Structure formats: C-alpha cells, structure tokens
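Only one structure is covered here, and it is reproduced in the block below.
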Amino acid sequence: MQETLLDKEQTKAASSSSGSKPKLGFLGVGWIGRNRMEVIARHEAGEVLYIADTTEQNAEEALKSAPEAKQVGSLESMLRKPEVDGIVIATPSAFHAEQSELALRAGKAVFCQKPLGRNKEETKRVVEAARSQNKLLGVDLSYRFTEAMQQVHKVVQSGELGQIYAIELVFHNAYGPDKAWFYEPKLSGGGCVIDLGVHLVDLAMWSMNFPKVKHVQSHLFSKGKPINMADGKVEDYAAANIELDGNTHMQLSCSWNLPAGQEAIISATFYGTNGGVAFKNVNGSFYDFVAERYYGTKTEQLCTPPDDWMGRAGVAWAERVARGEGFSEEADEFVKVAEVLDKIYGR
C-alpha cells in the first residue's frame, strides 16, 4: 500500500535533525486558534512567541497555556518582529486573505484557518503572495490529517476501486455558528458551503488529484426558502451536483441547524466499479471518524477511533517551516477548491 501523508510527515520529522523550532505569532486565539497554538506547542513543533486578539479574555486564556509568550496589540506588531518566522491566523473569514497577504509580504510563513479567501480571487491573491515571497502557506483543512481520511485517500490513490464514478459528500450540523458575521455574506463569503462544504470539496478533489470541473448545478436555501447570493442572505442548506473530468459525478449536501436527529452527519464516500470506501463520523460525533471499505454487501473497517487529530495540520506546517521549506505548488489546490465553491454560489 502507498505511504500516507502522515507517514511521510513522520518520516521527514524523524530524519530532520537540522531544523530548529520556528518562532510563531498567533493572531486570533478563540477556541480554534488557542487549540492550534496548544497542539503546536505540545508537539514542540513551534515556539509560541506572540499572541494578538481583539478580545482581551481570549488573549488572557491563551497566555495561561503559553506563559512565556508576549501579548501584542496587532498583526502589524508581530510582523515588525524580525525573529518571527511564521503567523498562525484564526480570525473571522473576512480578514483571512488580507492578513495572510500582509504576513507573507512581510516575509513570514502563514498557516490560516479556512477559508483562505471568501472567493477565488482573494484566495489566488494570497497564493501569489506566497509564491512571490517563497514562503510556506498552509490552510487548516484539518480532515485531511485524520487517520480515517488518510486511509480513504490511500485506497482511492491505489486504483483498487477501479473507475470511480460517484462521490457523495455530506456535512449536516445540527447547530449553527454563534457569531453574527457568519450570517453576513460580505463578511463570510457564504453560509454552510464555505463553512462546512469547503472541507468535503477539498477531500474529494484532493483524493482524485484535482480533476477539471466540467459543470456545477446547485440549490441554496435559507430557512427553507430558495435563495441566491444576490438576495443578501447566506444559505443554511445547500445541495450541489458537480461533474468532474473522467466521468465522475460528485454530489454535495451540507447544512446548519438541520433537524438531523444527531449532532452531525459527516461523510465522504467514493464508489467505483470495484467497490467503495468511506470516511464517516461515528454516532453523530464531530471528532470521531472511521474509514470503511465496501465490497458489495460486506464492510471492512480500515480504522476506528480514537484519533487525536485536531491541530495535526498546524503541527505538520510548523515542522515544514522548521525544515526551511518555502513555497509549495500544493498551494494552488486552495485556488481550485475556491473555484468550485464560486461555481456553487453562481459567482
């Protein structure tokens, strides 16, 4: 079987003795930003040097986990520090592209929460800044780094499924975001698709080696009524049919506040002429995932929980910064995913 992405990262980390821990600034330390900071520090993948957050309580909580760090007032304050190697960004979506581009042009590597941009143009601008400055750009597409998705990716890449003709992607969340900006299209870039669907579109396109998208048809709803982005609303339910080069049909459905009977339904299933393989959550959990291989009516489990995957993407990025890696062409994948989302939104 092929070596997984996690295997490669662990091999690189074990073989690299020359890299020193990168010195990092953390912009936005709410629960996601603080979690990423804590995991990077726990794995000794980076040194937490500076913390900045517009909410004082967030900064205070983060400093309890990183007492050696210094609180500063802004991103610009961190960018002026020559000792800072990279910036980890976990702010509202409207700021991601601008803040990432500023950091990159200041000569810092960047690890940003998704979405990197609210649309393809914003995303492309950040990637071009990373390319021009030869700096490593990472996005927290965290499900790639679960052991379950690693196993699914390995099966898809092996070719053993034969012709993959159908991909079913589902992310239903029984809850909705608790911040007002999520519901403002100009700030968020969209609703459940750009918040949740981005992960699944990324997983499918990544597993299939980013094929050309031939056609997209979508339906967006808000509180049960059809909408389009010109209505000034964001969708809380979306369904999309996506035709990929190679005669593969991809179907996406995602939602906020859906009466799903459980907290979440999350899955990415690949069907081929020689069977199927699926990444799926367990018992409505947001955190526990299995990988399953399908042979007709038979199911084989490839991996089961527990898996301490949260923050793993940030650790991998920090380890690459430590090894002195600059711009990677993988960053173009962020633009390709943004382009699919734009098509779903009719942009």
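The values are calculated or read from the model by the stated rules, or taken from the named source; none is laboratory data. Because the structure is predicted, anything quoted here is derived from the model rather than measured. FYI the Cβ positions are ideal-geometry reconstructions off the backbone, even for glycines, and counts take in every protein chain you see. Each accessible area value is taken on the protein alone, full model and side chains, heavy atoms only, with ligands, DNA and RNA left out. Shrake-Rupley method; radii C 1.70, N 1.55, O 1.52, S 1.80 Å.
What to note about this one:
- Test: residue in segment 193-207 that is assigned to a helix (DSSP H, G or I), of a type in the set (Gly, Ala, Ser), under 16 Å from residue 92 (Cα atoms) and in the same structural domain as residue 246 (by the TED database): no
- Candidates 261, 284: the one that is at pLDDT 95 or above and open to solvent by 20 Å² or more (accessible area, probe 1.4 Å) is 261.
- Subset of segment 234-258 [farther than 13 Å from residue 201 by Cβ and either of a type in the set (D, E, K, R) or in contact with an Asp or Glu (Cβ under 7 Å, 6 or more places away or on another chain) (or both)]: 235, 236, 243, 245, 249, 255, 256, 257
- Pick from segment 94-119, criterion open to solvent by 10 Å² or more (accessible area, probe 1.4 Å) and assigned to a helix (DSSP H, G or I), ranking: farthest from residue 188 (Cα to Cα): 105
Residues checked against (1) part of a helix (DSSP H, G or I); (2) surrounded by fewer than 17 Cβ atoms within 10 Å (Cβ to Cβ); (3) modelled with pLDDT of 95 or more:
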site: 1; (1), (2), (3): no, yes, no
site: 8; (1), (2), (3): yes, yes, no
site: 14; (1), (2), (3): yes, yes, no
site: 25; (1), (2), (3): no, no, yes
site: 45; (1), (2), (3): no, no, yes
site: 51; (1), (2), (3): no, no, yes
site: 59; (1), (2), (3): yes, no, yes
site: 68; (1), (2), (3): no, yes, yes
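- So residue 320, is it basic (Lys, Arg) and either modelled with pLDDT under 95 or surrounded by fewer than 15 Cβ atoms within 10 Å (Cβ to Cβ) (or both): no
- Those residues of segment 156-192 which are part of a helix (DSSP H, G or I), open to solvent by less than 10 Å² (accessible area, probe 1.4 Å) and among the small types (Gly, Ala, Ser), in sequence order: 188
- Selection status of residue 80, open to solvent by 20 Å² or more (accessible area, probe 1.4 Å) and within 30 Å of residue 347 (Cβ to Cβ): no
- Residues of segment 264-279 satisfying the condition of being open to solvent by 30 Å² or more (accessible area, probe 1.4 Å) and either within 12 Å of residue 173 (Cβ to Cβ) or without any contact (Cβ under 8 Å) to a residue 24 or more places away in the chain (or both): 265
- Among residues of segment 47-59 that are more than 13 Å from residue 77 (Cα to Cα), those with a Cβ under 9 angstrom from a residue that is part of a helix (DSSP H, G or I) and open to solvent by 30 Å² or more (accessible area, probe 1.4 Å), sequence gap 6+ or separate chain, pair up as 47/41; 48/38; 48/41; 48/65; 58/31; 58/34.
- Per the conditions (1) within 18 Å of the chain's Cα centre (by Cα); (2) open to solvent by less than 50 Å² (accessible area, probe 1.4 Å); (3) of a type outside the set (Phe, Trp, Tyr); (4) on the phi > 0 side of the Ramachandran plot, the sole criterion not satisfied by residue 209 is (2).
- Screening residue 294 with (1) part of a loop (DSSP other than H, G, I, E, B); (2) in contact with a Phe, Trp or Tyr (Cβ under 9 Å, 6 or more places away or on another chain) gives one miss only, at (1).
- Flag if residue 135 is in a helix (DSSP H, G or I) and buried (at least 20 other Cβ atoms within 10 Å of the Cβ): no
Quick grid of which residues meet (1) aliphatic (A, V, I, L, M); (2) under 17 Å from residue 286 (Cα atoms); (3) under 13 Å from the mean Cα position of the chain (by Cα):
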position: 126; (1), (2), (3): yes, no, no
position: 135; (1), (2), (3): no, no, no
position: 173; (1), (2), (3): no, yes, no
position: 199; (1), (2), (3): no, yes, yes
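- Residues satisfying the stated conditions in segment 232-241, i.e. open to solvent by 40 Å² or more (accessible area, probe 1.4 Å) and touching a helix residue (DSSP H, G or I) at 6+ places or on another chain (Cβ under 9 Å): 232, 233, 237
- Considering the conditions (1) outside the structural domain of residue 242 (by the TED database); (2) part of a loop (DSSP other than H, G, I, E, B); (3) open to solvent by less than 30 Å² (accessible area, probe 1.4 Å), residue 130 is excluded by exactly one of them, (2).
- A residue that is touching a strand residue (DSSP E or B) at 6+ places or on another chain (Cβ under 6 Å) and in contact (Cβ under 8 Å) with a residue 60 or more places away in the chain can be found somewhere in segment 220-230.
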